[in-house]
Amino acid sequence: MNHSIIRYGSVLFALFLTVSGYSQTLPLGALPMQYNPAFAGEAGSPRFSSNFGLNAIGSIRDNSYAFNTSYDQFIPAIRSGIGFSGGFYSTSSNRFFSSSGYSFALAVAPKFSLKGKYTVSPSLDLSYGANDQISKTLPNTNSTIRQVNGYDLQSRAGLLVNTRKWYIGYSVEIPLRNAYRFRGFDGLVIPPSSDTTLTSTKKFNSYWQFGYTFQRSSESKFSFTPQVVFRTGWDPSLRFGRNNGFRYLSLVAINLNFRYQKFIWGINNTGIHLGWQTDKVRVMLSNGFGYNGRESGYIGNATFRYMLKQNDR
């Protein structure tokens, strides 16, 4: 047992060093439908989840915080899961930049049982997000203020295959509309020198999500669950020579969770987490340090989950 703890601890520390450069506000697992709407109703029971995150990375992001929440449940009458998620964020620098926005989404995910062991769930959601950004530069006596207001309307199609021990998920973003309004002030000239509304096609994004729970038996007090999310995509705005765009594959998030009875610990894409979990309640705190390419800073998250009641499928 001691050798196993040493091995697990070594892997945990090495992977923490690998992912500590990531600075996403939301840790993997905080909201079930974060990357794939097919997780709506996956737990069977009505489920409420929320996360509060704080980023403080040097002078670039002096104050940055976000609150996200979701609710999902399985409805036996229609053999489907439904889910709602929403949130808001605010990012500001004392002199140069500020940004704020909100978003919400609705998801539907039918569930199909195969041989009583596997669950297959296609899904579709619709999301809307709005943001407001202001950037300033003050070189000597000249001043430039640029304000951007915009919104995103998009859908995601997802597919999830899972058992009680593992899951494989895939989702793809379907852009519907992406519009922004730019307003520029040169030398504090009023009215605005430009006021233009643009509609552009978003880059293509898709997500692969994997998870597995290692546990000797259902009665075992100890379990270990690694989870990863990869993103594949294409950005038409990044062109090199005769290429039509830039294709990419990247690791977006990771979560290595250890559980002994009611205590949980491990790492995720925002840092080291500690928490307490029962069949109905889960409370988790994450703390870490991020790096944005030039400056380091602190990342903190508080995550809460509550299962309302049990539904039998």
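Name the one entry in Ala157, Ala109 that is among the small types (Gly, Ala, Ser), at pLDDT 95 or above and in contact with a Gly (Cβ under 7 Å, 6 or more places away or on another chain).
Ala109
Let me spell it out: the conditions are (1) modelled with pLDDT under 90; (2) out of contact with any Leu (no Cβ under 8 Å at 6 or more places or on another chain), and Leu12 meets all of them except one. Which number is the exception?
(2)
Hey, does the stretch 171-179 have a residue that's out of contact with any Asp or Glu (no Cβ under 7 Å at 6 or more places or on another chain), modelled with pLDDT of 90 or more and either under 19 Å from Gly29 (Cα atoms) or among the β-branched types (Val, Ile, Thr) (or both)?
There is at least one residue in the stretch 171-179 that is out of contact with any Asp or Glu (no Cβ under 7 Å at 6 or more places or on another chain), modelled with pLDDT of 90 or more and either under 19 Å from Gly29 (Cα atoms) or among the β-branched types (Val, Ile, Thr) (or both).
Matching residues to (1) buried (at least 18 other Cβ atoms within 10 Å of the Cβ); (2) closer than 23 Å to Leu26 by Cα; (3) aliphatic (A, V, I, L, M); (4) at pLDDT below 75:
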residue: Leu238; (1), (2), (3), (4): no, no, yes, yes
residue: Ile254; (1), (2), (3), (4): yes, yes, yes, no
residue: Phe263; (1), (2), (3), (4): no, yes, no, no
residue: Trp276; (1), (2), (3), (4): no, yes, no, no
residue: Glu295; (1), (2), (3), (4): no, yes, no, yes
residue: Tyr298; (1), (2), (3), (4): no, yes, no, no
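Show the residue pairs meeting these rules: Cβ distance below 9 Å; 6+ apart or different chains; first residue within the stretch 280-295 and on the phi > 0 side of the Ramachandran plot and in a strand (DSSP E or B); second residue at pLDDT 60 or above and surrounded by 14 or more Cβ atoms within 10 Å (Cβ to Cβ).
Short answer, once both residue conditions are applied: none.
Quickly run through the stretch 180-216 and pick out the residues that are modelled with pLDDT under 85 and surrounded by fewer than 10 Cβ atoms within 10 Å (Cβ to Cβ).
Leu188, Ile190, Pro191, Thr199
Go through Ile75, Ile60 for me and flag whichever is surrounded by fewer than 18 Cβ atoms within 10 Å (Cβ to Cβ) and either at pLDDT 90 or above or within 21 Å of Ser206 (Cβ to Cβ) (or both).
Ile75
Would you check if Arg313 is at pLDDT below 95 and farther than 30 Å from Pro110 by Cα?
no
If you go through the stretch 20-57 one residue at a time, how many are under 16 Å from the mean Cα position of the chain (by Cα), buried (at least 19 other Cβ atoms within 10 Å of the Cβ), at pLDDT below 90 and not in a loop (DSSP other than H, G, I, E, B)?
Number satisfying all stated conditions: 1.
When the residues of the stretch 81-101 are narrowed to those that are hydroxyl-bearing (Ser, Thr, Tyr) and within 22 Å of Ala30 (Cα to Cα), which ends up modelled with the highest pLDDT?
Ser85
Applying the selection to the stretch 252-271, what residues are hydrophobic (A, V, I, L, M, F, W, C) and free of Cβ contacts under 8 Å to residues at least 24 places away in the same chain?
Phe263, Ile264, Trp265
Working only within the stretch 249-267, note down all residues that are part of a strand (DSSP E or B) and within 13 Å of Ser220 (Cα to Cα).
Answer for the stretch 249-267, where residues must be part of a strand (DSSP E or B) and within 13 Å of Ser220 (Cα to Cα): Phe258, Arg259, Tyr260.
When the residues of the stretch 72-81 are narrowed to those that are touching a Phe, Trp or Tyr at 6+ places or on another chain (Cβ under 8 Å) and part of a strand (DSSP E or B), which ends up farthest from Ser123 (Cα to Cα)?
In this case the residue turns out to be Asp72.
The values are calculated or read from the model by the stated rules, or taken from the named source; none is laboratory data. The structure displayed is predicted, hence computed values, not measured ones. Please note: Cβ atoms are built from the backbone with ideal geometry, for glycine as well, and neighbour counts cover all protein chains shown.
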